[in-house]
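In what follows, a structure is listed as structure tokens, so that the remarks can point back to it.
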Amino acid sequence: MTKQNYHEEFYKQAEYYDIAFDFRDIPKECDFLEGECLKHMGCKPSSFLELCAGPTWHTIEFAKRGLKSTALDLSEHMVRYGLDKAAKQGAKINYIQGDMVDFKLSEPVDLVALLMDSATYLLDNDAVYRNFKCVAASLNKGGLYIIEIGHPKHHYEDWNAEHCKWTMERGGKKVTTTWGSQDDPFDPITQITETSVRLEYVDGDNKGEIVTHAPSRCFHANELMALVDASGCFELVTMYGSMSADIPFDNDKKAWRMIPVLRRV
Ligand SMILES: C[S@@+](CC[C@H](N)C(=O)[O-])C[C@H]1O[C@@H](n2cnc3c(N)ncnc32)[C@H](O)[C@@H]1O
């Protein structure tokens, strides 16, 4: 298993992560993912793999829709938390503790997703190719690999502290997350930022703060297209600017993500 630093101490707090990132409309995002399969595979998927799955929102939603649903994550804490969460919701999922650049499934699936900027942990091109190879080997021919990455325009914007700090509450637990800081060192050659993540929690009488630092790599659009081409595993079918088929990948305000839809060749 990789020894790469990936904000492990932060992800150990799986329940707090689950609260902090619970701001998405998961059924709508899964509709989008299924819709892309319908468009580009000609049918809805019958099986799904979520890489870097964390608390497994999408894995659980797809399991509830009847798909054979598998999650994979490096963090044993996330695996334990995700399995427990799925069981509480009556969703049957499979959760593998593993590395997104070095894994093998026993059976291929129709759809693989890597969401919420987790691709930033693919620190160099070799890691991207290793990930593409594992995913291609885990997909049925014609199957889709959909990746959610930050929009490249954000790399050129002035620092906006408000965008990086937010508070979420659930069941009397309050979690404030600060993702990144203006002072995080950035290497323009490797495109790697030593990204700081701060988690402040109030959980009954229990209050605390965890600060972690780990490298994360940013992607540009041309670079991503070249990597896809050179991999020989995938073709780029389309790109979106959000987890919605209505938002094209352009420089409009609404486009805040870069979502390549890749098809296994
Ligand atoms: C930003 S979270 C994303 C969680 C979830 N996909 C979501 O949509 O919120 C990143 C996750 O990636 C996991 N992770 C980081 N590096 C990984 C790797 N090399 N292989 C597998 N999982 C990894 C972390 O443990 C964490 O759960």
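Taken about its Cα centre, region 130-265 carries a charge dipole of roughly 640 debye when the Cβ of each Lys and Arg holds +1 and the Cβ of each Asp and Glu holds -1.
I need the Debye-formula profile for region 172-265: one equal scatterer per C-alpha, no solvent, reported as log10 I(q)/I(0) at q = 0.10, 0.11, 0.20 1/Å, two decimals. Per q value, in the given order, log10 I(q)/I(0) is -0.45, -0.54, -1.02. Partners of Lys39 within straight-line reach, counting lysines whose Cα lies under 29 Å from its Cα and excluding those fewer than 8 residues away in the same chain: Lys28, Lys64, Lys68, Lys92, Lys104, Lys133, Lys141, Lys153, Lys253, Lys254. Here r is the Cβ-Cβ distance between Asn125 and Glu76 and R0 is 25 Å; the resulting FRET efficiency, rounded to 0.05, is 0.30. Averaging 1/r over each pair of different alpha-carbon atoms in the chain and inverting the result gives 18.9 Å, the Kirkwood hydrodynamic radius.
Checking every one of the trypsin sites (Lys or Arg not before Pro) in region 1-104 against DSSP loop status and a limit of 14 other Cβ atoms within 10 Å picks out Lys3, Arg24, Lys92, Lys104. At 222 nm, what helix-only mean residue ellipticity would the chain give, in deg cm²/dmol to the nearest 500, using -39500 (n - 2.57) for each DSSP H run of four or more? It comes out at -8000 deg cm²/dmol, rounded to the nearest 500. Between the alpha-carbon centres of region 1-34 and region 210-265 there is a gap of 18 Å. Largest first, the three principal axis extents of the alpha carbons in region 12-98 are 39, 25, 23 Å in whole numbers. Under the combined filter of DSSP loop state and at most 13 neighbouring Cβ atoms within 10 Å, region 193-265 retains these trypsin sites (Lys or Arg not before Pro): Lys253, Lys254. By the rule of a C-alpha distance below 15 Å, with chain neighbours fewer than 8 residues away ignored, the aspartates and glutamates paired with Lys173 are Glu15, Asp18, Asp22, Glu200, Asp203, Asp205, Glu209. On full extension, the segment bounded by Asp22 and Glu8 gains 3.1 nm, given 0.36 nm per residue less the C-alpha separation.
Computed over the Cα atoms of region 1-151, pair by distinct pair, the Kirkwood hydrodynamic radius stands at 15.5 angstrom.
At 0.36 nm per residue, minus the direct Cα-Cα distance, what do Trp166 and Gln182 gain on full extension? Give it in nm, one decimal, please. Write down the numbers at each step before the final one.
Working: separation 16, 0.36 × 16 = 5.76 nm, distance 1.60 nm.
Extra length available between Trp166 and Gln182 comes to 4.2 nm.
Shape class for region 156-216, computed from the alpha carbon gyration tensor (a ≥ b ≥ c): prolate, with a/c not under 1.5 and a/b above b/c.
From most to least packed by mean Cβ count within 10 Å, the peptides 4-10, 109-115 give 109-115, 4-10. Based on the reciprocal of the average 1/r between different C-alpha atoms, the Kirkwood radius for region 20-60 equals 11.2 Å.
Only loop residues by DSSP count here, and only those with at most 12 other Cβ atoms within 10 Å; note down the GluC sites (Glu not before Pro) in region 150-229 that meet that.
On the way: sites: Glu157, Glu162, Glu169, Glu194, Glu200, Glu209, Glu223; in loops: Glu157.
Loop-located and lightly packed - Glu157.
Read the figures in this text as sums done on the coordinates, not as results from a lab. If you're wondering where the values come from, they're calculated on a predicted model, not measured in any experiment. Here Cβ is always computed from backbone atoms with ideal geometry, including for glycine, and neighbour counts include all displayed protein chains.
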